[in-house]
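Student: For reference, the structure I am asking about is given below.
The values are calculated or read from the model by the stated rules, or taken from the named source; none is laboratory data. Everything numeric in this text was worked out from a predicted model, so none of it was measured. All Cβ positions, even for glycine, are placed from backbone atoms using ideal geometry, and neighbour counts span all protein chains on display.
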Amino acid sequence: MDKRICLITGATRGFGLSLAKKYNSLGYLVVGLARTAPPSEISGFFEAFFICDLSSEASIDNFIHKFENQFNRIDLFIHNAAIQNSYSILEAMQYSKMIDHEIAVNFSAPVKLTSALLPLLLQRKSLILIVTSLLQLGPKKSAPGYCASKAALANWTRNLRAQLSSSEIRVIEIIPGLIKTDMTSNAAKKGKEPDLLADIVIQKSHKDCIILPGARLAWFIAAFMPNFIRHKLLNGTG
Ligand SMILES: NC(=O)c1ccc[n+]([C@@H]2O[C@H](COP(=O)([O-])OP(=O)(O)OC[C@H]3O[C@@H](n4cnc5c(N)ncnc54)[C@H](OP(=O)(O)O)[C@@H]3O)[C@@H](O)[C@H]2O)c1
């Protein structure tokens, strides 16, 4: 039987690299994507690696063209790549451009990639994993574009699951709290280890929605006291 193919965005470091290593160890052929090539010490985890800037439609089109020439199926598609910038409407010269950029990478790119590669996903009993964030629940004051993009992504994920319910594709949302990665290197609180969280994703992949340690308590409290959690997230203490 063909080996299963896992396509993962943002696979060079952080949570994406942990997931890539984990699925490689489970026997998947892992195909990575990022703006920069993986360093030599991790390149062995990848069957193929594509350089692609997810903020550029031309770069995404180029990737899709090259991917389809090389692969005829996808068993697991992990939308992991994202960026988070800190800025304020009172100070940023390019405020709306910065929001557009985060929306493009964090939200529009998963939408575009999923719809373009849907014919390949439909050929298998495939799985789409979409990494959102606890910050979908409410904005962190310093990160307007990131939080808005994750709220849109989470909402779209639920719609995608509903629209694909008559197919054999399963859609899983992964909701992390703080993870110890480059993205959060300036955070006051310490995040969870990405390797540990990747293990939990594998264990819980029978679920539609995987709320990871670090997000669980806040998610639970938000069901009863949404304003309390929104207040915590707003000031970066959630
Ligand atoms: N870290 C946290 O605390 C946290 C919390 C909740 C949710 N999450 C989510 O978890 C996921 C992984 O986050 P992380 O912390 O592991 O991030 P990270 O360490 O900053 O890694 C981001 C990855 O995405 C790639 N990437 C960034 N911009 C890209 C672009 N324009 N085009 C293509 N690839 C791009 C990066 O590679 P290049 O720079 O080479 O392109 C890198 O491989 C994200 O969806 C994030 O929103 C993280």
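Student: Which of the residues spanning segment 22-52 are over 18 Å from residue 71 (Cα atoms), within 18 Å of the chain's Cα centre (by Cα) and away from the ligand (no atom under 13 Å from the Cβ)?
Tutor: 22
Student: If you don't mind, another one. Determine whether residue 63 is within 11 Å of the ligand (Cβ to nearest atom), within 26 Å of residue 185 (Cα to Cα), buried (at least 20 other Cβ atoms within 10 Å of the Cβ) and aromatic (Phe, Trp, Tyr).
Tutor: No.
Student: Which of the residues spanning segment 160-174 are of a type in the set (A, V, I, L, M, F, W, C), part of a loop (DSSP other than H, G, I, E, B) and surrounded by fewer than 19 Cβ atoms within 10 Å (Cβ to Cβ)? I'd like the intermediate steps shown before the answer.
Tutor: Of segment 160-174, the ones of a type in the set (A, V, I, L, M, F, W, C) are 160, 162, 164, 169, 171-172, 174.
With part of a loop (DSSP other than H, G, I, E, B) added as a condition, the list becomes 164, 169.
Passing the criteria: only 164.
Student: Taking the conditions exactly as written (at pLDDT 95 or above, charged (D, E, K, R) and over 24 Å from residue 212 (Cα atoms)), does residue 2 satisfy them or not? Break it down into steps so the answer makes sense when it comes.
Tutor: Numbers: at pLDDT 95 or above: no; charged (D, E, K, R): yes; over 24 Å from residue 212 (Cα atoms): yes.
So residue 2 does not fit the description; no.
Yes/no matrix, rows are residues, columns are (1) crowded, with 18+ Cβ neighbours inside 10 Å; (2) modelled with pLDDT under 95:
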residue	(1), (2)
129	yes, no
135	yes, no
148	yes, no
202	no, no
207	no, no
217	no, no
238	yes, yes
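Student: In segment 47-56, is there at least one residue being modelled with pLDDT of 95 or more and of a type in the set (Asp, Glu)? Walk me through how you get there before you give the answer.
Tutor: Here is the first cut: in segment 47-56, the ones modelled with pLDDT of 95 or more are 47-56.
Next, only the ones that are of a type in the set (Asp, Glu) stay: 47, 53.
Looking for residues that are modelled with pLDDT of 95 or more and of a type in the set (Asp, Glu), one finds at least one in segment 47-56, hence yes.
Student: Residues of segment 3-21 being away from the ligand (no atom under 13 Å from the Cβ) and of a type in the set (Val, Ile, Thr), which ones?
Tutor: 5 - this is the single residue of segment 3-21 that is away from the ligand (no atom under 13 Å from the Cβ) and of a type in the set (Val, Ile, Thr).
Student: OK, next. Scan segment 83-96 for residues that are farther than 29 Å from residue 205 by Cα and either part of a loop (DSSP other than H, G, I, E, B) or within 14 Å of the ligand (Cβ to nearest atom) (or both) and jot them down.
Tutor: Residues of segment 83-96 that are farther than 29 Å from residue 205 by Cα, as a first pass: 85-96.
Once the filter is applied, which keeps residues that are farther than 29 Å from residue 205 by Cα and either part of a loop (DSSP other than H, G, I, E, B) or within 14 Å of the ligand (Cβ to nearest atom) (or both), segment 83-96 yields 85, 86, 87, 88, 89, 90, 91, 92, 93, 94.
Student: Hey, can you tell me all the residues within segment 49-83 that are aliphatic (A, V, I, L, M) and within 11 Å of residue 6 (Cβ to Cβ)? It would help to see each step written out before you state the result.
Tutor: Looking only at segment 49-83, we keep the residues that are aliphatic (A, V, I, L, M), and these are 51, 54, 58, 60, 64, 74, 76, 78, 81-83.
The answer is 74, 76, 78.
Student: OK, next. Can you report the number of residues in segment 189-212 which are farther than 16 Å from residue 80 by Cα, away from the ligand (no atom under 12 Å from the Cβ), of a type outside the set (D, E, K, R) and not in a helix (DSSP H, G or I)?
Tutor: The number of residues fulfilling the criteria is 1.
Student: Residue 156 passes all but one of (1) free of Cβ contacts under 8 Å to residues at least 60 places away in the same chain; (2) in a loop (DSSP other than H, G, I, E, B); (3) under 19 Å from residue 79 (Cα atoms); which number fails?
Tutor: The one condition residue 156 does not meet is (2).
Student: Report every pair of residues separated by at least 6 positions or lying on different chains whose Cβ atoms are under 7 Å apart, first residue within segment 105-122 and more than 17 Å from residue 58 (Cβ to Cβ) and without any contact (Cβ under 8 Å) to a residue 60 or more places away in the chain, second within 11 Å of the ligand (Cβ to nearest atom) and among the small types (Gly, Ala, Ser).
Tutor: Final answer for the pair search is 106/82; 106/149; 107/149.
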